[in-house]
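Colleague: Pasting a structure here, questions to come.
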Amino acid sequence: MNVDPTKETLRRDVQKRLARQDAFARQHAGLVIQDKVLMHAEFERAAVIGCYLALPAEVQTARLISRGQREGKEICVPAYDPAMRAYRFAVLPVNGTMTSGPMNIPEPATPEWVEVDALSLMIVPGVAFDRRGGRVGHGAGHYDRLIGSREQAGLVTCGLAYELQMFEQVPMEDTDQYLNFVVTEGGDGWIPGS
C-alpha cells in the first residue's frame, strides 16, 4: 500500500490536536455531535444503520447505538470476514457476545452479515474531514471500500468529527470516497458534503 505523505502529515497533525484536547471538552463535544445525529431526519428515517464502535480518540457512538436499538433499528458494525479478507457489516447483537477483531476493535463473535446495500445510513469515523465531504481515515481504506461496494443509490454516508478535525480541503485520491454529510459540534448541524 502506498502511503501519501500529505495524508500522513495530516494524520500526525490531527493526533497532536486530539492529544491537546481537554477530556471534558471532548466528551461534551461528542455528546453534542451525537445529539445532532439523533435529531436529524436521516437517523429517524433509517431502519438499518451501519455504525462504528469508537476508539478513545474518535467521536463516541454509544448513544447512537443505544437509541437506535431501543427504537428497533438494526444496528450493524464493521467486523472482519476472514473468508473475504475484508471488513463487512454485521448485526450488533443487543446482548450478544463480542470478540476483539484484528485491529483490537470489538466485533460480534458470531457475525450475522449484512450487505452494504441493506443500510440506509452509514456513520463513519475518520482522522480529518472537509466541508465537501472529503475524509482521511486511518490509512487502511476499509471504509472507502465499504462505501464503494454499494451497488444501489440511497445510502447516506455521514462522518462524525470534532471541529479540530475539519480542514478547508483534505487530500483525496481516486479510491477515496466522499461523504454526504459531516457532523461536528459547531454550527447548525449537518455539513452537506458531496
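Just so it is clear, none of the values below were taken in a lab; they were calculated from the coordinates. Just so you know, these numbers come straight off a predicted model, no measurement behind them. Glycine gets a Cβ as well: all are built from the backbone with ideal geometry, and neighbour counts include every protein chain shown.
Colleague: If Lys and Arg each add +1 and Asp and Glu each add -1, what is the summed charge of the other residues whose beta carbon sits under 12 Å from the beta carbon of ARG20? Numbers along the way, then the final one.
Modeller: On the way: positive: LYS16, ARG17, ARG26; negative: ASP13, ASP22.
Neighbourhood net charge equals +1.
Colleague: Another question, then. Which value, in debye to the nearest 20, gives the size of the charge dipole of the stretch 76-163 about its Cα centre, when Lys and Arg are +1 and Asp and Glu are -1 at the Cβ?
Modeller: For the stretch 76-163, the charge dipole is close to 220 debye.
Colleague: Next up: Considering the values (i) 15.7, 43; (ii) 16.6, 51; (iii) 16.1, 55, which represents Rg and Dmax of the Cα atoms in Å as calculated for the structure under consideration?
Modeller: Checked against the structure: label (i).
Colleague: On to the next question. Any idea how far apart PHE24 and MET103 come out in nm if each label point goes 7 Å out from Cα toward Cβ?
Modeller: 3.2
Colleague: If you don't mind, another one. Could you please report the charge total around ALA47, scoring K, R as +1 and D, E as -1 over all other residues with beta-carbon less than 15 angstrom from its beta-carbon?
Modeller: Charge balance near ALA47 sits at -2.
Colleague: Also, I was wondering about something else. Where a Cα-Cα gap under 20 Å defines reach, which aspartates and glutamates qualify for LYS7, not counting those fewer than 8 residues away within the same chain?
Modeller: Straight-line reach from LYS7, under 20 Å: GLU58, ASP130, ASP144, GLU163, GLU168, GLU173, ASP174, ASP176.
Colleague: Tell me the relative contact order for the chain as a rounded percent, counting alpha carbon contacts under 8 Å between residues six or more apart.
Modeller: It comes to 21 percent, rounded to a whole number.
Colleague: Take the Cα radius of gyration of the stretch 1-89 and divide it by 2.2 N^0.38 Å, with N its residue count; two decimals is plenty. Walk me through the numbers on the way to the answer.
Modeller: Values: Rg = 16.1 Å, N = 89, 2.2 N^0.38 = 12.1 Å.
That ratio works out to 1.33.
Colleague: Another one. Evaluate the Kirkwood expression for the hydrodynamic radius of the stretch 75-162, namely the inverse of the mean inverse distance over all pairs of different C-alpha atoms, and round to one decimal in Å.
Modeller: For the stretch 75-162, the Kirkwood estimate is 13.9 Å.
Colleague: Order of 158-168, 82-92 by packing, highest average Cβ count within 10 Å first?
Modeller: The peptides rank, most packed first, as 158-168, 82-92.
Colleague: Something else: Give, rounded to the nearest 20 debye, the magnitude of the charge dipole that the stretch 1-149 has about its Cα centre when Lys and Arg contribute +1 at Cβ and Asp and Glu contribute -1 at Cβ.
Modeller: For this selection, approximately 520 debye.
Colleague: Something else now. Need the list of aspartates and glutamates near LYS73 for cross-linking: C-alpha distance under 12 angstrom, and skip anything on the same chain fewer than eight residues off.
Modeller: Output for LYS73: GLU44.
Colleague: For the chain, with the dipole built from +1 on Lys and Arg beta-carbon atoms and -1 on Asp and Glu ones, taken about the Cα centre, which of PHE167, ALA86, ALA23 lies farthest toward the positive end?
Modeller: After comparing all options, I get ALA23.
Colleague: Continuing with the same structure: Say a paramagnetic label sat at a point 7 Å from the Cα of GLN169, along Cα to Cβ; which residues of the stretch 132-148 have their backbone N under 20 Å from it?
Modeller: 132-137
Colleague: Over all alpha-carbon pairs of the stretch 26-75, lay out the pair-distance distribution in 5 Å bins, whole %, shortest bin first.
Modeller: 4, 22, 32, 25, 13, 4
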